[in-house]
Every structure is written in structure tokens, then in C-alpha cells.
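Asker: Take a look at this one; I'll ask things after.
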Amino acid sequence: MLELFDIAPCEDGYRMGFLIGQRFSGFIRSRAARDIILQEQLLPFAQTPPGRELLEALSINNKQAYPRYWDEMLGMAEGSGVPFLEIKLVNFRKELLPFVQMQGGPREAVGGEDCSDVLVVNDSLAVAAHNEDANVALVGHAYLVRVVLPNGLSFTAYTYAGELPSCAFGFNSNGLAFTLNAVPPAETEIMAGGIGRNFISRDLLEAAGLEDALIRIRSANASVGHSYNLVDVRNRKILNVETASGNRISVHEVGATPFFHANMYLHLQVQQVPNESSLSRQRRAAQLSAKSKAEILSVLGDSADEKCPIYMTGPMLHTLCTVLIDLDQQVLSIHEGNPKKGEVICVFPIVRK
């Protein structure tokens, strides 16, 4: 069962991060201790001259761009008792891992094989459904935070232990929700020391709406690309936004044809690393019907391809949960276990009546 932590307005970002770190210190300590990528890849890399230089550039640029979110990380480290270096490394893992590989680290440490989405908007159905897939180290190391900010805005975010809310999915009281997909740009497409994806998605939780979310994405000088599924509940609209370094962006409005997105770029022209799992999931989804919520959940629960299933059960990658955003009912529901079975563990209204 996912734990939910409610946070009242805090005087600053540090206090908010401290409360999260204090409340989930056990989760954060456990994640840091058992995260093989952190322990065997990121921490050793951070001790090398190239690693120290890259981490310093990331730190300076992201702190300058998002000082309040940086303070949230500082507070989280203090509240949890986990060294700030480790908090930084897990939040910058996607920006650091390509360079670990360039220094001779294993290619599988980088990965892009996480998360699948089915999106559709037609006359009778408007849904964004998402499998939250992650490394085995994150099984049992996620929680929900529901935050009220001093300006009255509130957001709810699925959060990995030790990371900013949210590198997974979330929504705010302005009726904006999002899910995320990793994408695998080639090494030549990565800008060292740019803005981290965790900071951009944290910023989306405070967007006033769809246009403001696009502005926040466009204006961030991202180090590594990403795929954002932006959901405007009030206006019944879904956009898939693919980004790359150099502020490159492509926007696709989802329509009546079900749109499946795994972990490869589909419409932004970027050099990328072919990903067998993503390509296999894409092919399998094209074979399946997605004309109803039940069928969409069945697609995300599919494991017919044992080597590269859509619904993942290990050994390295696991589907942590499945989320369904119903734009007509204006609710977000989280499913635990295979979504085919319909085991809903929590339902959140996105827009307060």
C-alpha cells in the first residue's frame, strides 16, 4: 500500500524537503543502501575528476535555475540523514549515467527501458494510462506526497525515495496532470551540465495550465531529453511532448487513435540509441485493441512477450504501479499489481468541485 503524506504550507523549500526526508527517512536510507547503480556506478564516478567536474556544473546550473527545489533536496538530506551527495546523485542519475558509460561503465546501467503509456481522446473516451516501470532497487521505495503551497496551489505526486516530486507522475489543483517516459538520445545529443529532468518535472507540478507547462518545458535548458505526457483535465486535452538538449521540442496532440509511447522518440527527429524493449513493446501494443478503459489497462498488463513485456516483473525492471487518468471523470486512480485485474488502491479527484 502506498503511503500518502500531507504537507501544509511551509515557509520555504528547505522545510518542505526536511519534512519529506524526516517522514520517509527509512525509505530513503533503504533505497540509498540497496541501489546498485548509486553504489557501484554513481558514487565511484563522483570521485573521479570528470565526475566531480560534471556534478559541479549540474549543481551550479540547477541551483541557479531552481533555488527552491535545490533547497528541498538539502532539506530532504538533513531530514533523512542521507548524505547530500547521494541525494544529488539519485536526482541527477539520468544526466550522469551516460557519462559513466563513456568512462567505461556498463551500458546496461544507463538504460531507457522504463514506462509505457496509452493515450486517447475521442468523443466517448479521454484517458491517459501509464505503467510506472523502474529498477528493482525502487520496489517498495516510493510514496505519495500531497503538498499545499503558500500561494494556495496544491499538488499530489508519486515520488521515488530521495528524489524530488515527481519523476513519475502527478497532478495539481489547476487541473494539470502528467506522466513521463524516458527516451535514449545518442551520446552526441547530450549537453553536459544542463538542467536535470527531475527539476523540470518538479516545476511542472506548479504549472498554471497546459500553456504554462509548455513554457516551463521549452525554457529549461535540459541536459538530456525526455517525453512528457501533459494532461489538461479541464479542457479535455492531452499532449505528448518530446524534448532534447538545445531546447529542441516536438508537440503531438493526442486524438481518437490510441497513442502508445514507450521509451523511443516517435516524432522529434533526434539521434537515439535503439532500445529492444521499447521497440518490442511498441510492436506488441500495435497488435492490441485499446477502445475502452478495460482494454487500455489490458494493454498495459500484457506480458505475452516474455523477454520484453509491457507489464514488467523483473529481474531488473519492475512495473511499480499503473495510473489511469480519466479526463471526463476528472480523477486519477492508481492500480497495484497487473492492471488487468483492476486492483485500484487509491483514487484522487484532480479538480476539486
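Asker: Using a ≥ b ≥ c from the Cα gyration tensor of the stretch 145-258 (square roots of the eigenvalues), is it rounded, prolate or oblate, where a/c under 1.5 gives rounded and otherwise the larger of a/b and b/c decides, a/b for prolate?
Answerer: In terms of gyration-tensor shape, oblate.
Asker: Quick one: with all protein chains in place, what share of the accessible area of the stretch 249-302 is carbon or sulfur, to the nearest percent (1.4 Å probe)?
Answerer: Exposed carbon and sulfur together represent 51 percent of the surface.
Asker: If I compute percent of Cα pairs over 29 Å apart from the structure I just sent, which labelled value in (i) 45; (ii) 34; (iii) 37 lines up?
Answerer: (ii)
Asker: Something else about it: Where a Cα-Cα gap under 20 Å defines reach, which lysines qualify for Lys94, not counting those fewer than 8 residues away within the same chain?
Answerer: Excluding near neighbours in sequence, the set is Lys63.
Asker: While we're here: Could you put Glu78, Glu3, Glu132 in order of accessible surface area, largest first, with the 1.4 Å probe and the full protein assembly present? It would help to have the intermediate numbers written out before the result.
Answerer: On the way: Glu78 115, Glu3 65, Glu132 0 Å².
In descending accessible area the options line up as Glu78, Glu3, Glu132.
Asker: Could you state the accessible area per residue of the stretch 1-130 in Å², with a 1.4 Å probe and every protein chain left in place?
Answerer: With the other protein chains kept in place, the stretch 1-130 gives 44 Å² per residue.
Asker: What are the residues whose amide H is under 5 Å from the amide H of Cys346, where those residues sit 5 or more places off or on another chain and H is modelled from the backbone?
Answerer: Ile334
The values are calculated or read from the model by the stated rules, or taken from the named source; none is laboratory data. For clarity, every value in this text was computed on a predicted model and none was experimentally measured. For the accessible areas, the whole protein counts, side chains as well, though only heavy atoms, and no ligand, DNA or RNA atoms are used. Shrake-Rupley method; radii C 1.70, N 1.55, O 1.52, S 1.80 Å.
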